[in-house]
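Nothing in this text is a laboratory measurement; each read-out follows from the coordinates by a stated rule. Just so it is clear, the structure is predicted and the values come from calculations on it, not from any experiment. With ideal geometry, Cβ positions are generated from the backbone for all residues, glycine too; neighbour counts draw on all protein chains shown.
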Amino acid sequence: MTFFSRLAWRSASGRGAATALLAGTVACGSAGAPHPATTVRAPARSAALTSPHPTADTNRVHPAQSYPLVTLPRHTLGPFGARAGDRGIAAWFGPSEGDKPGQDLIAIVLGSDAGPIGPMRVLVHVPAGPDLMVVRPASDTPAGWTLVWSALLDRGEVLTALGVELNGGPNGTSTELHRTSDHIVWLDVLPMTRGTLAVWAEETPTGDANILVDALDETGKPRTVPMRVARGVRRWQAASAGSTAGIAFVVRDSDENRSASASGSLMWQPLDADGRPAGDALSLAKGTSVGSDVEVARFGGGWLFAWTDLAHEDPQVMLATIDAQKRVHGPGAAFESGGASVLSALTTSGEQVAMAWIEPHRRQGDTQVLGVGIVSPDGGSIGKAVSAFEIGLVTPPELVATAAGFALLAPARACWSEAPSRSCSGPFAPTFVRVGSALDPVQSEPLLVGDPERPASVAWGLSCSRTNRCFALAASSETPTGVFSVDLPARESPFASPRVPPPPANAPRLANVRTVAPTTSLEDLSATRVGDKTFVATLVAEVDGKRARHRHASAAISTFMVEDDGAALAEPKRLSTRATSIGGVSVAAGGEPADGAVVAWISGTKSNGEVRLAQVSESGRILRSLRLASADGDASRVAIAWAGDGWLIAWVDGKEGRGQVYATKVGRRLQHSARNERITRAAVGAADLALAVGDEIAWIAWGDARESPREGIADIYATTLKVTDATRASPETRVLATARHSRSPSLAALSDSRALVAWIEDAPAGVDALAMGMIGCLDSRSNVACPPVELPLAGPGQPASIVMAAARDEVHAVVARSSLGGGITLDGIRLGGTGAPVAPPWPLVVLDAPASVDVSLAIAGDGIVYSDVVVSGPGQRRIRRAEITWRP
């Protein structure tokens, strides 16, 4: 059984619709689909669920009551559910008995406990194949239901309505509402004070659509004739409340651009009780790229609108309101802190409006985080009442109003309620979550159906009565498909809530995640703070659309400034197109904003390379540049750091053979104030350079294969330099001798007497083991003062890269962790003076990138700049900036 949930917001390009469809079979192994052998029958507790405490009340350990309704064959339209007072209905189209062509419309009435009342009834026979169907209450008072469906004809389509009484019988005969030669791509029915409004969209040959409305009485009979209320639209939504209603739609900004994602104007057309336009359409937003998820909710005496704006690199939820005097307020961003967000749902309960959204950067494996928040009283943003839930990726969540708050239906892991320290690893099941007016979860119910009871494959049609009792429809994973109604009264549930617990008070937290620049073929980036802005330098192995064929081919160095809200101040400035990819890029700010920042890279070719510097002002203007030294050998990463009255620079040069480390110092205006000093004498293939500066002492670390030159297995070596002239201040020290390959050192200077050093240890060739991060500390003579130990991570996996930065009396580290299940997570770790964590490592963000992608990281002040993958474009990257709160 495959379930397609077609949303009420619809575009002419074919995304979404107000129907549901049961057909085919569920693919085994998909997220959210239970394993055939997994059961959660209670009270005989399944191993897939955490057992409740032995003293738990056995009268409450049963799951919510479900009732079998029907077993459906393939190619069934529906079932659809709706509530009218304390009764509900489930209706569907299925094959007729015998050889009779066409399909029958079948319905069954449900009681207040969601159990069937009476038998199934065949309401009408449809000779042509039904395509879309909607079931709604016949009015906003309990008076039965109205069913509207479209069906294909030999030429065109026909729209038909039927009223159904509270006992489940047809309220007269079905009525043909409209015939059209266009394709009906969306359909909805709006309950009103007197009857309903049938609203539908007809796609024209141009790819746009026309919106039509017809008013129906409580028996499903038309009171008027269909009227077109909007034409040439690309997206639409409808809403009603009492005797008022309206249509939200998007029209193109120009006839030339017909793409679904093109910008347009979002409009609102008010309708009267007969579905006629009540005045001119009102403009909500111009030039906006509206996603296919606009929602409308009653708000005070007017309306609240929410949608996902796709006009920028990151999607962002926007809000706008229309008050009782038809004045437009907004639009504005729903979240003041910014960051990527995607709208899921919007609904009104009493005087409160709740909104649900997805934050893409919080996705992890087969789950994502759904935020639910109360809209502020002015309708301009999300208020302080916010909860977060960990849900699956398979089906979109539903959010509805209850008598005392709100309710959510979404796939989540099913576990018995137990100690909060136990993590839930049960099977996915459609889960009902009831929350109060402050969004605190008060009840959680995974929907378990069948005999024995197992997690439903999918659930839909959540509805709640004014008595605070809810019900939903659910389907099993068997073929043919069993359909159930599930009773969801308010109770003390024995199941755990999927609410995401807040992080520990002392754990680092990420906020304001923004894409600051798109790029392709990104090889490396570096970032620093210049004044109150973030300065970013990038190395891209592609010049004029031609990717470098080998690591010494020409690559481009570019820089740009970013505000804290993620806005780039100007277009990136290109410093060079002759950089080598293997050399990387390094950047360091000066002591004052007037000093700007200096960018360092390796330029040229393998046979004729050189270290280049460029000083860039706070405004982004290139002040001066310097050719520092030749690098005739195989150059590795260059490193640069501020040294009080100028900059220290270190690099690897192969002109003396086998790659030796060199260093020098330049002044505030890039004057070369010291000699180029050779730091190493015995190094073999020195690489992965790191540099950190205290007040008068600088530490330098590198990977060195001198103990294993044939195999190229390196250890980490370190020494110290004098800040005044870059001469060596202590002997070289091997930080740790291991059988593993040591690489990617990172340094952070806490004072002139101590620095932390971290690096990655790769498993030996042929050994099936994970890489691990190491952390230790060095004194002012580069001696190992703290024996290196394994760097703890926030979850299973292995480190891919590590960056560190000193911050007052501790060091902040960010680790790109390749998860065992695939994907990359950035972990934040607070480290003390010995390298031991002072707070638990905590996952900051889950990237879109697969585990095999190299992630570039840079810490700049209290922010981080990192690279991520653009899913829609092969080989494309995006550079993002986020703020990190390191301390409570």
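Here are the numbers for the structure shown:
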| quantity | calculated |
| --- | --- |
| Positive minus negative residues near Leu343 (Lys, Arg vs Asp, Glu; Cβ under 11 Å) | -3 |
| Fewest-first ranking of Phe335, Phe249, Phe471, using other Cβ atoms within 10 Å as the exposure measure | Phe335, Phe249, Phe471 |
| Difference of contour (0.36 nm per residue) and Cα-Cα distance, Ala403 to His62 | 120.3 nm |
| Relative exposure of Tyr866, Tyr67, judged by other C-beta atoms within 10 Å (fewest first) | Tyr67, Tyr866 |
| Theoretical FRET efficiency, 1/(1+(r/R0)^6), r = Cβ-Cβ of Asp725 and Thr885, R0 41 Å, to 0.05 | 0.55 |
| Charge dipole magnitude, Cβ of K and R +1, D and E -1 - the chain, Cα centre, debye nearest 20 | 1240 debye |
| Counting all C-alpha pairs of segment 689-797, share separated by more than 22 Å (%) | 31 percent |
| Entries of Lys655/Lys722; Lys286/Lys533; Lys533/Lys665; Lys100/Lys221 with Cα pairs more than 29 Å apart | Lys286/Lys533 |
| 5 angstrom amide H check on Trp416, placed H, neighbours 5+ away | Thr50, Ala496 |
| Relative contact order of segment 509-885, defined on C-alpha pairs under 8 angstrom at six or more residues apart (%) | 12 percent |
| Whole-angstrom Cα spans of segment 673-732 along principal axes, big to small | 38, 20, 17 |
| Cβ-based exposure ranking for Leu820, Leu539, in which fewest neighbours within 10 Å come first | Leu820, Leu539 |
| Highest-first arrangement of 490-496, 278-284, where packing means the average Cβ count within 10 Å | 490-496, 278-284 |
| log₁₀ of I(q)/I(0) at q = 0.11, 0.12 Å⁻¹ - segment 509-885, Debye sum with one point per alpha carbon | -0.71, -0.86 |
| For Leu123, distant residues with modelled amide H under 5 Å away | Leu105, Ile106, Ala107 |
| Quarter of the Cα convex hull surface for the chain, i.e. its orientation-mean projected area (nm²) | 39.4 nm² |
| Length gained when the stretch Thr467-Glu492 is fully extended (0.36 nm per residue, less Cα-Cα span) | 7.3 nm |
| Selected from Ser554, Ala701, Ile879, residue furthest toward positive end of dipole (segment 509-885; charges at beta carbon) | Ser554 |
| Given charges at beta-carbon only (K, R positive; D, E negative), |dipole| of segment 509-885 in Debye | 960 debye |
| Local net charge near Ala91, Cβ-Cβ under 12 Å (Lys/Arg +1, Asp/Glu -1) | +1 |
| FRET efficiency estimate (nearest 0.05) - Cβ-Cβ, Val386 to Leu153, R0 56 angstrom | 0.70 |
| Contact order normalised by residue count of the chain, Cα under 8 Å, 6+ apart, percent | 8 percent |
| Local electrostatic count, Glu696, Cβ distance below 12 Å [Lys/Arg +1, Asp/Glu -1] | -3 |
| Overall Cα dimensions of segment 67-164 - principal axes, largest extent first, Å | 41, 28, 16 |
| Normalised contact order of segment 779-857, rounded percent, pairs of Cα under 8 Å and 6 or more residues apart | 27 percent |
